[in-house]
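Single-structure report; data block below.
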Amino acid sequence: MRLLIVEDEKRLALSLAKGLTAEGYAVDVVHDGREGLHRATETPYDLLILDIMLPGLNGYRVCAALRAAGHDVPILMLTAKDGEYDEAEGLDTGADDYLTKPFSYVVLVARVKALLRRRGTAGASPVHVVGELTLDTAARRVHVGEDEVTLTAKEFAVLEQLVLRAGEVVSKAQILEHVWDFAYDGDPNIVEVYVSTLRRKLGAPLIRTVRGAGYRLEAPR
Ligand code: CA
C-alpha cells in the first residue's frame, strides 16, 4: 500500500511518514499543494493524507481537482485548528474523512487503516485465497495451508501486490511503484531479492517468473 502525505509542516510530515513506514506502508511526502496534485495524478496511490492550508494550492482545491478528474483515491484531510476546516466544504469537495490538529498518532493510524479497509472491502473480502496460500490484508497475516508464515512489512507488501492480481503478470516496475516510495532510486532488481525470499519462506512454487515481463502468482494444480 502506497500513501502520499501533502503537508507543509515539514516536521509533522516527516514524523507521520516515519511512523507509517514502520507500519509497512510505502510513503511519499510533498510540502506543496500543486506538487501534491501532480504526484497524486501521476501515481496510483492507495490513500492521500492532505493538509488544507498549503502553499501553491489549498487542500480543498487539490481534493476537488482529483475528484473532477475521476480519481477515487481515499482522502484524509488534516486541519490546523477547529474552525479552519469546514466539514461541509471538505465533504463537498470529496474528502472521505478529516482530522483536527493536534491529533494523536494512534488515531491517525486507526483512521488510515479504516479508510484502506473500507476501500479494500467495498468489492472484496480482505482475505485472499490462492491455492494453499491465504493472505489477510486487514490482519496482515499469511498462511500456507495451516501454517502461518512470518513476513517482514516489505515482503508482505510485495506478496500482496502479486496476490491482488493472482493469475496475471505483474511487472517489477508495478511492484516497485506500489511498495517503494519515490525516494528509492536504487536497483529495480531489489524486487528479485524479495521474490526469492518469498519463494523460500512460502516453500511452494507459487511465484512464477515470466521472462522479460515480471511475475505471476499461480495456484498449484
Ligand atoms: Ca498547513
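The values are calculated or read from the model by the stated rules, or taken from the named source; none is laboratory data. Every value quoted in this text rests on a predicted model; they were computed, and no experiment measured them. Every residue, glycine among them, receives a Cβ derived from its backbone with ideal geometry; neighbour counts consider all protein chains shown. The accessibility values were calculated without ligands, DNA or RNA, using every heavy atom of the protein model including side chains. Shrake-Rupley method; radii C 1.70, N 1.55, O 1.52, S 1.80 Å.
I want the local charge near GLU42. Using Cβ-Cβ distances under 14 Å, sum +1 for each Lys or Arg and -1 for each Asp or Glu among the other residues. Surrounding charge for GLU42 is -1. Counting protein heavy atoms only, region 127-218 has 48 percent of its accessible area on carbon and sulfur, 1.4 angstrom probe.
The local environment of TYR105, defined by Cβ-Cβ distances under 15 Å, has a net charge of +2 under the rule Lys, Arg +1 and Asp, Glu -1. The alpha carbons of the chain give a radius of gyration and a Dmax of 18.4, 59 Å, in that order. Where the centroid of each part is defined by its Cα atoms, how far is region 144-182 from region 18-54 in Å? Cα centroid of region 144-182 versus Cα centroid of region 18-54: 21 Å apart.
The local environment of ALA157, defined by Cβ-Cβ distances under 13 Å, has a net charge of -3 under the rule Lys, Arg +1 and Asp, Glu -1. The Kirkwood hydrodynamic radius of region 129-188, based on inverse pair distances between different Cα atoms, is 12.5 Å.
Rg and Dmax of region 101-165, based on Cα coordinates, read 13.6, 46 Å. Heavy atoms of the protein chains alone define the surface here; on that basis the chain has 50 Å² accessible area per residue at 1.4 Å probe size. Pairs of Lys residues in the chain are counted when their Cα atoms are under 29 angstrom apart and they lie 8 or more places apart or on different chains; the count is 20. The fraction of all Cα pairs in region 1-55 landing in successive 10 Å bins from 0 to the largest distance is 28, 57, 15, given as whole percents. With one equal scatterer per alpha carbon and no solvent term, the Debye-computed log10 I(q)/I(0) for region 2-122 at 0.12 1/Å reads -0.36.
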